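The values are calculated or read from the model by the stated rules, or taken from the named source; none is laboratory data. Please read these numbers as outputs of a predicted model, since none were measured by experiment. The protein model used for the area step is the full one, side chains on, heavy atoms only, and it has no ligands, DNA or RNA in it. Shrake-Rupley method; radii C 1.70, N 1.55, O 1.52, S 1.80 Å.
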Amino acid sequence: QEGITLLDPIGQGGFGVVYKGLWRNLKVAVKIVWFSEDSVSKKDSRAHSRAVIEAAVCTSVQHRCVVTTYHYAIAQCNKGGPVPTLRHIQSSGPLWRLSLVQELCQAS
């Protein structure tokens, strides 16, 4: 997974999970988003395109008030592997995973 080591989960939403992780010896947050080409939201079947756009926007925005994204990877998940139990995934089609490696912020 592109040199990414996942550690403890630190948050979960409707589309994925955020983990503490390591990338290039740096403590990071890793946002994992799962999607399928024929997910429940059939209004837009271009899930892969949406993931690419999210990754492109996240890596191109730089501002002191925005979490920095260092790296991203999009990969098709293997058949027979663990499938996330997220409500929006009800698909018999290919399952994909977007991994966003981001700055790990400390809440204060």
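Could you check how many residues of segment 11-21 are open to solvent by 70 Å² or more (accessible area, probe 1.4 Å) and not polar (S, T, N, Q)?
2
In the list Arg64, Arg46, Arg87, which residue meets the criterion of being at pLDDT 75 or above and open to solvent by 50 Å² or more (accessible area, probe 1.4 Å)?
Answer to the check: Arg64.
For residues that are of a type outside the set (A, V, I, L, M) and at pLDDT 90 or above, scanning just segment 90-104, find the one that is farthest from the chain's Cα centre (by Cα).
In this case the residue turns out to be Glu103.
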